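The values are calculated or read from the model by the stated rules, or taken from the named source; none is laboratory data. The structure presented is a predicted model; accordingly, all values stated were derived computationally and were not measured. Here the Cβ positions follow ideal geometry from the backbone for every residue, glycine too, while neighbour counts run over all protein chains shown.
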Amino acid sequence: MDKQATITESSNFEVILRKTMELPYIRIDRESFLKKELSKYYDDDVVYKAIAANPAQAGLSVKNLDRIAKSCINNETAKVTTLSAAAGIPGGFAIAATIPADIAQFYGHVIRILQKLAYLYGWQEMFRGDNDELDDETSNKLILFIGVMCGVSAANATLAKVANLAALNVPKQLMRQALTKGTIYPIIKKIAKVIGVKMTKEIFSKGVGKIIPVVGAVVSGGLTFAIFKPMSIRLKKYLADLPLASVDFYKEDHNDNIIDIDFSDIDLSEIEDED
């Protein structure tokens with residue numbers, strides 16, 4: 001397989017996402033994660049309420065959660081940077097073998113950190129049961145989260161609507177419908193395409209550095225650090241501002257709120273410009 005063919009195939013983000021999900025360390029169990037992280041600072045009653053509902057409903061403010069979130073980001077950044085640097089060591093023709101693995105590793109840790117941040121700031125389990133197959137609902141949700149991390153404004157607006165539904169505890173069937181049917185489908189496809197374009201640029205950037213052995217390790221690891229941590233911080237800030245993370249939101253009565261699952265007003269001008 002030549003280099004260009006590898007890069008072209010890797011630019012299909014949805015393919016990469018499904019391949020990445022085959023890695024063994026991707027899924028973060030929400031209950032185990034929250035119990036481990038929150039138990040360092042809070043008593044059992046608070047921890048169990050955070051698991052049963054969410055941290056905001058248990059009275060944990062964004063300010064309190066930020067410290068844990070920053071630690072999680074630093075931890076995942078260190079891991080992915082080390083792996084990326086190791087993948088950058090081969091030179092010359094070895095580049096064709098290391099690029100797909102490096103990209104899968106990168107997005108594997110992206111998916112890990114987005115789960116950790118999501119659980120801290122109020123979201124429920126990202127994956128449905130123990131089924132290894134990536135269903136459309138989960139795939140679309142992951143694309144939205146990663147779109148936010150990549151700075152795609154349409155992803156911000158779309159995920160905000162999904163977050164409002166989640167904050168109102170709508171039935172799972174309605175949430176599934178919102179994430180898989182109607183106007184959201186073309187939005188998700190366009191967001192995935194934009195992420196794919198950004199990812200292709202990253203592949204080329206890393207590829208140039210890897211042509212030179214040893215030096216490639218420094219370039220690859222450095223680029224990964226420069227990309228991964230800002231992406232994670234961007235998502236942290238975004239999630240912290242949503243109703244799911246707000247203690248005050250859960251002190252109010254939302255029984256009469258209208259459930260809106262219409263995504264037709266999402267501004268796609270930014271995405272259209274990428275075509």
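Within the option set 195, 103, 188, 143, being modelled with pLDDT under 80 and either over 26 Å from residue 29 (Cβ atoms) or among the hydrophobic types (A, V, I, L, M, F, W, C) (or both) holds for one residue only, 103. For residue 147, state whether it is in a helix (DSSP H, G or I) and in contact with a helix residue (DSSP H, G or I) (Cβ under 7 Å, 6 or more places away or on another chain). For residue 147, the condition - in a helix (DSSP H, G or I) and in contact with a helix residue (DSSP H, G or I) (Cβ under 7 Å, 6 or more places away or on another chain) - is met.
For the range 201-214, the condition of being modelled with pLDDT of 50 or more, closer than 25 Å to residue 154 by Cβ, part of a helix (DSSP H, G or I) and not β-branched (Val, Ile, Thr) holds for at least one residue. If you filter the range 32-62 down to residues that are loosely packed, with under 14 Cβ neighbours inside 10 Å and under 21 Å from the mean Cα position of the chain (by Cα), you find that the one that is farthest from residue 119 (Cα to Cα) is 36.
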